[in-house]
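Single-structure report; data block below.
The values are calculated or read from the model by the stated rules, or taken from the named source; none is laboratory data. Bear in mind the structure is a predicted one, so any value in this text is a computation, not a measurement. Because the Cβ atoms are built from the backbone with ideal geometry, glycine has one as well, and the counts that use them run over all protein chains shown.
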Amino acid sequence: MTPRPSPLRRPSPLLLDGVAIAMALLDVWAHWDIAEPLRMACALAAAVVLLLRRRQPLLTFLLTLPAVLLSDSVVACLAALYTLASLSRPRTLLLLCVLAFAFCDTTALPSPSFDLTALSRLIPFGYSAATAAAAVFLGQLVRTRRDLSLRLTEISEARDHQQLLTAQAVLAKERAQLAREMHDVVSHQVSLIAVRAGALQVGAKDADTKEAAATIRRLSVQTLDELRHMVGVLRASGGHPTELTPQPALSDIQRLADSSGIETELRTDLPEGLPATVQRAVYRTVQEALTNTRKHAPGAKARIDLVHADGSIRVRVTNTAPTQPPLPLPGAHHGLIGLRQRAELLGGTMTAGPTSDGGYEVCVVLPAEVTG
């Protein structure tokens, strides 16, 4: 999403009200006349009434008009008119308020005299009307700026939402394409492997060949089930939460070793109740190590040691030297990298390398307690 610039911090409304009242009081002080207590009291009341300008802008303007009519203090009324213009939209109302201010400003009480036909009255009236119009224009400008800012915020949010929808649509398309590829290509080929392994199991006379074919067929069927579930997850395209395949635990390691097609020896003293993340990491470590042994060291034996000591879980999988030349099988060489990254995410370490007898060893050390 496009980052938005942080808006400028506006002064608090209480501070702005204080400034408006202070300016109104300064205007009263500039026109103070001790001989006119009623007029001065009216001007002071108009300054205090500004406290209502945000909640009742029209009422505040009407209450400050007498101060303009009775005295020369006009700041309070102009402030009320500005607030009314910044919060109100009807232009007819604002025009009437401008005319009312100009009339009160050019009329003197208690002996009013108002004659627009005389040039001496028309010019002051125009000046007062222009002053009031300036306050109205300023208020309308502030209102327009505020509306424009809100509109820009809405447009920005709509654009971000559209970008999110576009990204989700692209992701859904890629997931659907990947699901089709897995279903049409991978599932088909694994199905053929299962069928051929089943035929080999039925037709073979050698016991070892039958056992190997049965193992291949069982693993193929298990892989097909996982592929079908994964295709269902991909086709969900993020629309609704999809149940994931049950995650492996320590209790599944023995079955993993038995179905690996390798002669293995498992030794474990791990306690129960380890965090699920640790159990998955242990299982994936053993799984990856046995897979690499089967691919790169045919005929080798494997030993799995799962030890709990000093608050750590140590997983060591060691295989002997191969007795047959390895087959040229495809691989992305990401398995050990993934194990290292998984161990580091859990706060552990991972080492791997050849042994002195020509074999290979994978060792992962994880903390027994993992938070988060």
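Points to keep in mind about this one:
- Once the stretch 256-313 is narrowed to residues that are at positive phi and without any contact (Cβ under 8 Å) to a residue 12 or more places away in the chain, the residue that is surrounded by the fewest Cβ atoms within 10 Å (Cβ to Cβ) is GLY273.
- Hits in the stretch 30-88 (condition: farther than 21 Å from THR106 by Cα, touching a helix residue (DSSP H, G or I) at 6+ places or on another chain (Cβ under 6 Å) and hydroxyl-bearing (Ser, Thr, Tyr)): THR83, SER86
- Criterion: among the aliphatic types (A, V, I, L, M) and in a helix (DSSP H, G or I) - qualifying residue of ALA300, ALA289, ALA321: ALA289
- Of all residue pairs spaced 6 or more apart or on separate chains, those with beta-carbon atoms under 9 Å, a first member in the stretch 68-88 that is closer than 18 Å to ALA30 by Cβ and a second member that is of a type in the set (Lys, Arg) and outside any helix (DSSP H, G or I) are ALA79/ARG53.
- Here the condition is being at pLDDT 90 or above, surrounded by 12 or more Cβ atoms within 10 Å (Cβ to Cβ) and in a helix (DSSP H, G or I); of LEU141, LEU96, LEU122, LEU65, it holds for LEU141 alone.
- Restricting attention to the stretch 339-359, the residues being of a type in the set (A, V, I, L, M, F, W, C) and either loosely packed, with under 13 Cβ neighbours inside 10 Å or not in a helix (DSSP H, G or I) (or both) number 4.
- Test for GLN168: is it exposed (fewer than 15 other Cβ atoms within 10 Å of the Cβ) and assigned to a helix (DSSP H, G or I): yes
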